Each structure stands twice: as C-alpha cells, then as structure tokens.
C-alpha cells in the first residue's frame with residue numbers, strides 16, 4: 001500500500017510549504033515519520049471499511065491495526081465484540097476489495113470510549129432572588145469594615161463556666 005495522498009518530499013524548484021502543511025511535512029520527514037504515515041494509512045483504511053459495518057456497530061468499532069493477514073479491530077464493549085465477529089466475512093471481503101491481503105479478523109475490547117466525549121457544559125444554576133440579596137448583604141457587611149463575628153465573644157461579658165440566664 002502506498003501513501004500517495006500526501007507528499008513526503010518537496011519537488012526540486014518548488015518552494016517549501018508554510019503553515020500547517022509545513023508542520024505536517026516536518027513531522028513526516030522526522031524520525032517518527034514512519035509511525036505517523038502508518039497511523040494515517042490505518043485511519044484511511046478504517047474510513048474505507050467503515051461503510052461495510054452495520055450502522056449500529058460503526059460507532060463502536062475502529063480499525064486498530066493490520067497485522068499479517070488479520071485485521072485488528074477495537075470495540076468498546078463485549079456486545080460489540082460479538083456483533084463484529086458476526087460481520088467478519090463481509091469485512092474481510094471489503095478489505096480484499098481495497099487491496100489488502102487479509103484472511104481473518106481479531107477483535108479487542110476496551111473499557112475506554114473509542115472517541116473522546118466532548119466535555120459537558122458546566123453551568124451553575126441561576127441564583128435565586130433571596131440568594132442574590134443575601135450575597136449582596138454579606139458583601140456590604142464585608143466592605144463596611146464591621147468586626148468579624150468570631151472576634152465578638154458569644155454570650156456577652158460572662159466569665160468562663162458561667163451560664164447565661
């Protein structure tokens with residue numbers, strides 16, 4: 001399989017790209033370029049095979065690797081593991097149709113979601129009118145320079161051990 005959908009080398013006489021393309025090119029030319037090209041290729045193969053998955057399964061399965069003559073898929077639950085095993089022949093046929101020499105399928109199950117969930121919007125509930133007025137009163141008291149409640153002695157000028165009446 002080739003990686004024809006992106007350039008690894010800049011042609012002679014052409015100016016080097018700038019911006020995001022330059023960053024991608026620098027990564028591809030670096031020491032880890034082979035790993036990045038492999039990841040991009042696996043993602044492309046995953047996108048080619050995804051339409052051959054049952055629609056309910058497609059959201060729960062992802063191609064993780066092509067190891068020897070086996071497709072390696074990761075699913076996010078045991079039920080999807082079983083459903084993917086039932087779709088083995090269709091996936092192997094689809095992989096062969098795009099040029100992969102595969103004979104079988106391996107499925108791994110993970111407890112982590114395959115795609116990160118977007119963070120939930122954390123909004124505080126609106127403050128009630130009573131809460132707003134209480135907060136305003138507390139802020140006014142703090143700004144007025146009134147002595148702290150902890151500085152006052154509870155119970156007036158009683159002696160220690162003496163009970164109030």
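Computed from the coordinates by the stated procedures, all read-outs in this text should not be read as laboratory data. Everything quoted here is computed from the prediction, not taken from an experiment. Cβ placement follows ideal geometry from the backbone for every residue including glycine, while neighbour counts extend to all protein chains displayed.
Remarks
- From least to most packed, judged by other beta carbons within 10 angstrom and beginning with the fewest, 41, 80 follow the order 41, 80.
- Going from the residue with the fewest nearby Cβ atoms within 10 Å to the one with the most, 106, 111 rank 111, 106.
- You can think of it this way: the chain between residue 90 and residue 143 has 11.8 nm of extra reach, that is 0.36 nm per residue less the Cα-Cα gap.
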